[in-house]
Amino acid sequence: MGKTQCLYPGSFDPVTLGHLDIIKRAAGIFDRVVVGVLHNPEKKGCFPVEKRVEMLEKACEGLTNVRVIAYGGLLAQLTKEMNISVVVRGVRTMADLESENAMARINRQLNPRLETIYLPASPELCQVSASMVRQLAQFGADISPYVPAQALPDITAAFHS
Ligand code: PNS
């Protein structure tokens, strides 16, 4: 059997411990995990894409089957180009599930070979989001409980330089 691989896409603006938890769990299931920094047209970006990739790479150091890339187009197109047929997403709330279902259906219309699978967020990380981290950092609160230690200096510097 060939090696199994999945795409874990997101904005990662910035990476949080919630993201890292999903990446580690996906890395335990699949032979290879591609973490894709993609554009979410619903969100105005805060960190430049190159910085998001850099922070993810630092956070994923030591995870030998994880690779981080950036992509400017449609998720469905990326999966076709990389011959990936599984997308992994983390789900924290019922609201997440609704929007994820809509996204999964559209992606499957665009690439009928594609399956989206959900991993439930770990209970202690259910309240963690990149938008919450950005807000806390903006007002100088301690974000260390919510972000990977390797990304902390870059996130803090972005708000206090
Ligand atoms: O971390 P996010 O913001 O929830 O991730 C959403 C993301 C980036 C995965 C989604 O917006 C996406 O896939 N963007 C790429 C453009 C695309 O394919 N859109 C169609 C899916 S509805």
Can we say Leu63 is of a type in the set (A, V, I, L, M, F, W, C), in a helix (DSSP H, G or I) and closer than 20 Å to Leu125 by Cβ? no
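Open to solvent by 30 Å² or more (accessible area, probe 1.4 Å), modelled with pLDDT of 95 or more, more than 15 Å from Val87 (Cβ to Cβ) and in a helix (DSSP H, G or I), is that true of Glu54?
Values: open to solvent by 30 Å² or more (accessible area, probe 1.4 Å): yes; modelled with pLDDT of 95 or more: yes; more than 15 Å from Val87 (Cβ to Cβ): yes; in a helix (DSSP H, G or I): yes.
So Glu54 fits the description; yes.
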Arg67 being away from the ligand (no atom under 14 Å from the Cβ) and within 15 Å of the chain's Cα centre (by Cα): yes
Can you find even one residue in region 27-39 that is open to solvent by 10 Å² or more (accessible area, probe 1.4 Å), within 11 Å of the ligand (Cβ to nearest atom) and touching a Lys or Arg at 6+ places or on another chain (Cβ under 8 Å)? no
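Answer yes or no as to whether Gly2 is over 20 Å from Arg134 (Cα atoms), at pLDDT below 95 and part of a loop (DSSP other than H, G, I, E, B).
Yes: the conditions hold for Gly2.
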Which members of region 21-51 meet the condition of being in contact (Cβ under 8 Å) with a residue 12 or more places away in the chain, among the basic types (Lys, Arg) and in a loop (DSSP other than H, G, I, E, B)? Lys43
Restricting attention to helices (runs of 4 or more DSSP H) lying wholly within region 74-151, give those where 2 or more residues are open to solvent by 60 Å² or more (accessible area, probe 1.4 Å) and within 15 Å of the ligand (Cβ to nearest atom). 75-82, 94-110
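The values are calculated or read from the model by the stated rules, or taken from the named source; none is laboratory data. Just so it is clear, the model here is predicted, and its values are computed rather than measured. Neighbour counts run over all protein chains shown; Cβ positions are idealised from the backbone, glycine included. Accessible surface areas use protein heavy atoms only, side chains included; no ligands, DNA or RNA. Shrake-Rupley method; radii C 1.70, N 1.55, O 1.52, S 1.80 Å.
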